[in-house]
Amino acid sequence: MKLNFKGRILGALALLGLVAFGSTAFALTVPASFPARVLQTQTTVHFRKTVNFNDANISAGVKIGAIPAGAFITSVKCYVVTAFNAVTTNSLAIGSTATGSDFLAAGTTAGTNCVAATAGFQSITAAAGLGLSVTGGATPTGSTGAWDLFVRYTQTGTAATAGQVVFVVEYISNDDQ
């Protein structure tokens, strides 16, 4: 009987552990509310997002995450896997609002913009949002006290039939202040 009682106790503890720690709750908000991604160690953190020419709502801006207030943006990079082929204009932007471009402005200048019509890796060394220009001092745009991160693709002329890019936004959290 002791073994049976012990087994029941262990089973109950295991079930309690699954209920308490095994489930993840997601906010049901539109747009989604993401907590800022912060690691407890002194390290760089990043967001990586693949964007396709035909993703749902991509022309209006899609929220991909949040960056903590005071974060230092170290780099913005893109890898155009498949060149975007809208006839007149192909513009990719990253902003703190759905229509914003404060982290990465839309355009066609190499080194300043992600040139969507050119396949390959692009390190955007003159991106608008590097350093503290977006995240330092001003009031964050996010509902969680952080800076929301949106990606947007806009096109003009005959619509694109191809296009895929992988963005990486790298930053260092302000955990020393």
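Here, each number is a calculation from the coordinates, and none is a lab measurement. Keep in mind the model is a prediction, meaning the values are calculated, not measured. As a convention, Cβ positions derive from the backbone with ideal geometry for all residues, glycine included, and neighbour counts pool all protein chains shown.
The relative contact order of the range 40-172, computed from alpha carbon pairs under 8 Å that lie at least 6 residues apart in sequence, is 45 percent. Residues of the range 83-110 with an amide N closer than 18 Å to a point placed 7 Å from the Cα of residue 119 along the Cα-to-Cβ direction: 83-87, 90. Model label sites at residue 175 and residue 98, defined 7 Å from Cα along the beta-carbon direction, differ in position by 3.3 nm. Inter-label distance, residue 89 to residue 41: 4.4 nm, where each label sits 7 Å from its Cα along the C-beta direction. The packing ranking of peptides 113-120, 147-154, highest mean first, is 147-154, 113-120, where packing means the average number of other beta carbon atoms within 10 angstrom of each residue. Taking Lys and Arg as +1 and Asp and Glu as -1, the other residues whose beta-carbon sits under 14 Å from that of residue 125 total 0.
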